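J.: First, the structure itself, so that you have it in front of you.
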Amino acid sequence: MEQIQPKTGKFSLNYGLILGGISVVFGVLLFTQDLHTSQSPGLMIFSIVLMAVVTFLGIMAFKKANESYLTVSQALKIGAGIALIAAIIGIIYNLVLINVLDPDTPAKVMDARLGPALESGEITQEQFTQQKEQGIQYWWMGYPFILIINILLGLILGLISGLILKKAKPAY
């Protein structure tokens with residue numbers, strides 16, 4: 001009797017929700033510490049490591065549910081799915097942050113990004129003001145990039161996990 005093969009979508013959804021939930025909790029912690037506008041590379045590295053761990057765990061869970069078999073294409077689907085779900089949750093949190101919790105977030109982020117260039121003399125005060133206003137005006141354009149970058153990272157993490165964990169079903 002054949003067993004029903006588990007669906008990659010179920011694992012993508014479950015682990016995407018887990019990653020999204022952890023990311024929101026982390027975002028709220030940053031907000032409470034007034035670090036949500038920080039441009040620290042350490043925070044970005046932590047986020048990528050968190051994404052890698054959750055993606056790897058999701059792919060391992062699928063492999064276990066699939067009688068220890070996994071193809072690279074299944075791992076890619078799961079990795080991209082987890083990243084997509086987590087990105088959508090992250091964007092929703094970001095919208096709540098900007099529209100409810102701290103409407104000045106875009107201005108604070110632009111200050112953090114452009115401040116060092118102004119202080120070092122790379123840009124004038126006029127350029128700073130103009131770039132800050134444009135950044136705030138086109139803030140919404142960052143959301144599609146968040147989705148694209150997350151999905152690309154999910155594909156990369158899925159590929160790496162798939163290459164590590166792959167195990168083909170025997171032909172017999």
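J.: Please go through the stretch 15-46 and pick out each residue that is at pLDDT 90 or above, among the polar types (S, T, N, Q) and surrounded by fewer than 16 Cβ atoms within 10 Å (Cβ to Cβ).
T.: Listed by number, the residues that qualify are Thr32, Gln33.
J.: Say we look at the stretch 61-76 and pick out the residues that are surrounded by fewer than 20 Cβ atoms within 10 Å (Cβ to Cβ) and hydrophobic (A, V, I, L, M, F, W, C); which of these is farthest from Leu163 (Cα to Cα)? Steps first, please.
T.: Residues of the stretch 61-76 that are surrounded by fewer than 20 Cβ atoms within 10 Å (Cβ to Cβ), as a first pass: 61, 64-69, 71-73.
Subset that is hydrophobic (A, V, I, L, M, F, W, C): 61, 65, 72.
Values: Ala61: 15, Ala65: 18, Val72: 6 Å.
Per the stated criteria, the residue is Ala65.
J.: Looking at Ser68, Ser12, Ser38, which is the one that is touching a residue at least 60 places away in the same chain (Cβ under 8 Å), part of a loop (DSSP other than H, G, I, E, B) and within 20 Å of the chain's Cα centre (by Cα)?
T.: Answer to the check: Ser38.
J.: OK, next. What number goes with the only condition from (1) in contact with a His (Cβ under 7 Å, 6 or more places away or on another chain); (2) over 22 Å from Trp139 (Cβ atoms) that Gly27 does not pass?
T.: Only one criterion is unmet by Gly27, namely (2).
J.: Kindly establish whether Met60 is closer than 26 Å to Ile4 by Cα and either part of a helix (DSSP H, G or I) or within 22 Å of the chain's Cα centre (by Cα) (or both).
T.: yes
J.: Condition (residue is under 19 Å from Phe145 (Cα atoms) and in contact with a helix residue (DSSP H, G or I) (Cβ under 8 Å, 6 or more places away or on another chain)) applied to the stretch 96-103: is it met by at least one residue? Give the steps one after another, and end with the answer.
T.: Initial filter on the stretch 96-103 (under 19 Å from Phe145 (Cα atoms)): 96-98.
Now restrict to residues that are in contact with a helix residue (DSSP H, G or I) (Cβ under 8 Å, 6 or more places away or on another chain): 97-98.
The answer is yes; a qualifying residue exists.
The values are calculated or read from the model by the stated rules, or taken from the named source; none is laboratory data. Everything numeric here is computed off the predicted structure, so don't read it as measured data. FYI the Cβ positions are ideal-geometry reconstructions off the backbone, even for glycines, and counts take in every protein chain you see.
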